[in-house]
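For reference, the structure discussed in these notes is given below.
The values are calculated or read from the model by the stated rules, or taken from the named source; none is laboratory data. These numbers come from a predicted model, not from an experiment. Note: ideal-geometry Cβ built from the backbone for every residue, glycine included; neighbour counts use all protein chains shown.
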Ligand SMILES: [Zn+2]
């Protein structure tokens, strides 16, 4: 079945806060956010300074220090592009967004990520200029980590990326196809193979996935019918790439359920040797990882 015609645009289950779990009110968006930003400038996520009115949580100086996006070779992960290196302002902004409660930075980081999407789109085929649609598939967080962060931070990033891509003529839609089992361990401290095993054990398709995903009927052994409408580009989205284990695990599972990943886009590249990175800032809580 054609998933687009059988599912609402937002198939994700809306996570409900557990009783007693404090949640900050959602940051304003759209014109309201622009007005609030003019009246009460937010500090920049990259340098904590106040940028010019209207610059939001990402000042021009930090923007100038980040990017342009570049392709990254990650074995087994297909085509990958990152917005910048995991250092300096981008690293501070990602940590502030992910671990320090700066959920208001989502639109700013979506703006940082958008050019990476353009960097991985396939070259236009003859007679075509753009894909018919873009699926943004967020790399999932562990449920415990998402709760501590007030929601899944990559999912939120994808939602904010949609209008950015729409403004460039790309019909982007967030399709949360994956989730991590609640028993999945925090991957911090695990080596590459152990991290891969941990993810392989905990990663699964979401019950909210569109109809057709995972449907293996009418295919031969080892082959899965594509669950993606023709002309659709599937982008796996994540915040930081370190070993590439998450990208590989997500890609393998998605291919198995009939969703071939076109490319992956990430905010930050942490594949460089540790010595090249700036001073480490540990997450606020050990459970608030992945
Ligand atoms: Zn700044």
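Please tell me if residue 90 is assigned to a helix (DSSP H, G or I) and in contact with a strand residue (DSSP E or B) (Cβ under 8 Å, 6 or more places away or on another chain). Spelling it out, residue 90 is indeed assigned to a helix (DSSP H, G or I) and in contact with a strand residue (DSSP E or B) (Cβ under 8 Å, 6 or more places away or on another chain). Is it true that residue 167 is surrounded by fewer than 20 Cβ atoms within 10 Å (Cβ to Cβ), in the same structural domain as residue 98 (by TED's automatic domain parsing), farther than 22 Å from residue 253 by Cβ and over 18 Å from the mean Cα position of the chain (by Cα)? Here the answer is yes, as residue 167 does meet what is asked. Suppose we filter 82, 134 for residues that are under 15 Å from residue 162 (Cβ atoms), more than 14 Å from the ligand (Cβ to nearest atom), modelled with pLDDT of 90 or more and not in a loop (DSSP other than H, G, I, E, B); which single one remains? One residue alone meets the criteria, 134. Scanning region 199-210 finds no residues that are in a helix (DSSP H, G or I), at pLDDT below 85 and under 21 Å from residue 99 (Cα atoms). If you go through region 38-64 and keep only what is near the ligand (Cβ under 7 Å from one of its atoms), surrounded by fewer than 22 Cβ atoms within 10 Å (Cβ to Cβ) and at pLDDT 85 or above, you end up with 47, 49, 61.
Looking only at region 87-100, residues that are touching a helix residue (DSSP H, G or I) at 6+ places or on another chain (Cβ under 8 Å) and more than 16 Å from the ligand (Cβ to nearest atom) come to 1 in all.
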